1. Only one of 19, 51 is modelled with pLDDT under 90 and either surrounded by 10 or more Cβ atoms within 10 Å (Cβ to Cβ) or touching a Ser or Thr at 6+ places or on another chain (Cβ under 9 Å) (or both). Can you tell me which?
2. Which ones in the stretch 22-31 are exposed (fewer than 14 other Cβ atoms within 10 Å of the Cβ) and under 21 Å from residue 5 (Cβ atoms)?
3. Looking at the stretch 16-62 only, could you name the residues that are in a strand (DSSP E or B) and among the aliphatic types (A, V, I, L, M)?
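The values are calculated or read from the model by the stated rules, or taken from the named source; none is laboratory data. Computed from a predicted model, the values in this text were never measured in an experiment. Every residue, glycine among them, receives a Cβ derived from its backbone with ideal geometry; neighbour counts consider all protein chains shown.
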Amino acid sequence: MAENDINLEFDSQTGEYYIIWRPVVISTGKTKDEALEDLREAAHFGVDSLIDLKLANIKKED
């Protein structure tokens, strides 16, 4: 697995797919599509959080 690869794996015990974005597991789902949508939601949450922090800092400076 190369650096920054996104790999889809399947866990037969839970019956869920999961995403490994080296070196962290960041999403899961019963299907590959569901696991990728979970990844999308996590990414959107991360971006939204960073934007909110930046906006809060701008307001503090004004």
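1. Answer to the selection: 19.
2. If the condition is that a residue be exposed (fewer than 14 other Cβ atoms within 10 Å of the Cβ) and under 21 Å from residue 5 (Cβ atoms), then 22, 23, 24, 25, 31 are the ones that fit.
3. Within the stretch 16-62, 19, 20, 24, 25, 26 qualify.
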